[in-house]
Every structure is written in structure tokens, then in C-alpha cells.
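The values are calculated or read from the model by the stated rules, or taken from the named source; none is laboratory data. Quantities reported herein were computed from a predicted structural model and do not represent experimental measurements. Positions of Cβ are generated from backbone atoms using ideal geometry, with glycine treated the same way; all protein chains shown enter the neighbour counts. The protein model used for the area step is the full one, side chains on, heavy atoms only, and it has no ligands, DNA or RNA in it. Shrake-Rupley method; radii C 1.70, N 1.55, O 1.52, S 1.80 Å.
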Amino acid sequence: EDQVTQSPEALRLQEGESSSLNCSYTVSGLRGLFWYRQDPGKGPEFLFTLYSAGEEKEKERLKATLTKKESFLHITAPKPEDSATYLCAVQGPHDYKLSFGAGTTVTVRA
Amino acid sequence: KAGVTQTPRYLIKTRGQQVTLSCSPISGHRSVSWYQQTPGQGLQFLFEYFSETQRNKGNFPGRFSGRQFSNSRSEMNVSTLELGDSALYLCASSDRDRGTEAFFGQGTRLTVV
């Protein structure tokens with residue numbers, strides 16, 4: 001069974017203080033690893049898809065990287081509007097279901 | 001392009017009742033998946049429909065069912081509601097032909113009392 005572990009559970013940052021979120025995964029044959037952002041009471045918002053080790057994707061202050069066992073989401077010089085829960089999910093080779101981690105809740109103080 | 005639309009946004013039901021939730025995917029997307037999100041269990045996969053056929057099912061009891069129509073719209077039904085069914089139910093659509101990303105709706109918040 002696919003397993004996804006995210007750390008830390010919560011992260012409190014000062015505005016401008018860069019940090020990284022970790023997503024460790026176990027899947028037999030990765031089809032894709034996905035990062036989502038979720039605001040309270042809303043559905044997850046798609047951020048990135050990573051397919052193979054060594055791949056990197058960037059969007060504004062966010063950068064996602066992938067190795068064979070884990071992915072990192074780097075937040076550079078965060079702003080208060082980056083406060084959200086960040087979810088990591090993996091997709092195996094045999095179907096299209098997503099297996100999610102528990103998420104990292106990021107709070108950025110001004 | 002309109003996003004994934006879920007209706008209703010909020011529902012309050014009594015234990016033992018049944019409920020039907022609706023999802024309209026992004027235009028052109030033929031794959032619709034359903035997820036349950038709770039504080040204790042996080043996001044868990046319920047089932048996926050593609051071209052009107054259920055392709056995959058998660059580890060949920062038979063009280064949870066779904067269907068997909070020819071226009072790709074999907075419904076999920078929960079019968080004999082239990083207090084533990086209170087959750088945010090999320091629908092996601094994807095275009096299998098162009099990629100595997102799933103785009104989520106805003107969800108339906110179901111409260112069972």
C-alpha cells in the first residue's frame with residue numbers, strides 16, 4: 001500500500017524566513033508526486049506534479065524537488081498569504097487514485 | 001474555463017438518512033474521483049469514475065456508492081448515515097489524456113446529527 005509521510009506537522013515562520021517541507025513516500029513505481037495547497041474550508045489547489053528523481057518545478061516563492069524517496073517544498077521569503085496547509089500525494093502505476101499525506105500547516109507572521 | 005463544481009456546499013442530515021452529492025467536472029475531463037476528508041484520517045480515496053464506469057474503489061463500506069453520467073457529471077450517495085460520516089467530501093476531475101493532475105472542487109461539508 002502506498003504511504004506518504006509529511007513533516008513537520010506545523011511550521012510557524014516569520015515573513016521572509018525561508019524554510020522547507022518534507023514529503024517521504026513509499027510506492028511501487030511512482031507515476032507522479034503532487035503538491036497541493038489547501039486553505040481552511042476549501043478544496044485543495046493544485047501546485048505541482050513531479051514525475052522523476054531530479055525533477056524541479058517552481059512557482060513564485062515555491063519550489064518543489066523530487067528524489068527517489070522524498071520530495072521537498074521550499075518556500076523562499078514567504079509572505080502571510082502563503083499561510084495554508086500543504087498536501088503531498090503520490091500516484092502509483094496501476095490506477096489514478098491519489099494517496100495523501102497528513103499535510104503541513106504553515107503559518108507566516110508579518 | 002470553469003472549475004470543478006460541487007453542490008450543495010453544506011448539508012445537515014440526521015443519522016439513518018441518505019444523502020446524494022453532485023459534482024460537475026471541468027469541461028472535457030472524463031475522470032472524476034471522490035475523496036473524504038476528516039481531521040483524524042485526512043484525505044481518503046473513495047472511488048474513481050471514468051467514461052461512466054467505476055475504475056477503482058477505496059476501502060469504504062458499501063453504503064458509499066457513486067455513478068457517472070454520459071456528460072461526465074458524477075454523483076455519490078451515502079445511505080444509512082452514521083455520525084462518523086461527517087466530513088468534507090471532495091470531488092476531483094482530471095483529463096487522463098493530457099496528464100494525471102487532479103483538480104478539486106470546493107467540497108461539500110456534510111454534518112450528520
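Tabulated results
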{"read-out": "Residue among A:GLU81, A:GLU70, A:GLU60, A:GLU56 that alone is acidic (Asp, Glu), at pLDDT 95 or above and on the phi > 0 side of the Ramachandran plot", "value": "A:GLU60"}
{"read-out": "Candidate set: region B:60-113, residues that are closer than 24 Å to A:LYS42 by Cβ and aromatic (Phe, Trp, Tyr); chosen: the one most open to solvent (accessible area, probe 1.4 Å)", "value": "B:PHE103"}
{"read-out": "Flag for B:THR80 being farther than 25 Å from A:LEU87 by Cβ, out of contact with any Gly (no Cβ under 9 Å at 6 or more places or on another chain) and either free of Cβ contacts under 8 Å to residues at least 24 places away in the same chain or β-branched (Val, Ile, Thr) (or both)", "value": "no"}
{"read-out": "Complete set of residues in region B:29-56 that are within 11 Å of another protein chain (Cβ to nearest Cβ), open to solvent by 70 Å² or more (accessible area, probe 1.4 Å) and in a strand (DSSP E or B)", "value": "B:ARG55"}
{"read-out": "Number of positions in region A:1-57 that are touching a helix residue (DSSP H, G or I) at 6+ places or on another chain (Cβ under 9 Å), of a type outside the set (D, E, K, R) and loosely packed, with under 15 Cβ neighbours inside 10 Å", "value": "0"}
{"read-out": "Tabulated pairs, region A:17-43, first free of Cβ contacts under 8 Å to residues at least 60 places away in the same chain, second of a type in the set (A, V, I, L, M) and open to solvent by 50 Å² or more (accessible area, probe 1.4 Å), C-beta under 8 angstrom, 6+ apart or interchain", "value": "none"}
{"read-out": "Selected residue (only one of B:ARG98, B:ARG9 is over 10 Å from the mean Cα position of the chain (by Cα), closer than 14 Å to A:TYR96 by Cβ and of a type outside the set (S, T, N, Q))", "value": "B:ARG98"}
{"read-out": "Subset of region A:26-57 [hydroxyl-bearing (Ser, Thr, Tyr) and within 11 Å of another protein chain (Cβ to nearest Cβ)]", "value": "A:TYR36, A:THR49, A:TYR51"}
{"read-out": "Exclusive hit being in a strand (DSSP E or B), in contact (Cβ under 8 Å) with a residue 40 or more places away in the chain and within 12 Å of chain A (Cβ to nearest Cβ), set B:LEU110, B:LEU88", "value": "B:LEU88"}
{"read-out": "When residues of region B:57-81 are limited to those that are among the charged types (D, E, K, R) and either farther than 17 Å from B:GLN44 by Cα or not in a loop (DSSP other than H, G, I, E, B) (or both), the one nearest to the other protein chains (Cβ to nearest Cβ)", "value": "B:LYS57"}
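Residues checked against (1) more than 12 Å from chain B (Cβ to nearest Cβ); (2) in a strand (DSSP E or B); (3) open to solvent by less than 20 Å² (accessible area, probe 1.4 Å):
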{"position": "A:LYS68", "(1), (2), (3)": "yes, no, no"}
{"position": "A:LEU73", "(1), (2), (3)": "yes, yes, yes"}
{"position": "A:PRO78", "(1), (2), (3)": "yes, no, yes"}
{"position": "A:TYR86", "(1), (2), (3)": "yes, yes, yes"}
{"position": "A:HIS94", "(1), (2), (3)": "no, no, no"}
{"position": "A:LYS97", "(1), (2), (3)": "no, no, no"}
{"position": "A:ALA102", "(1), (2), (3)": "no, no, no"}
{"position": "A:THR107", "(1), (2), (3)": "yes, yes, no"}
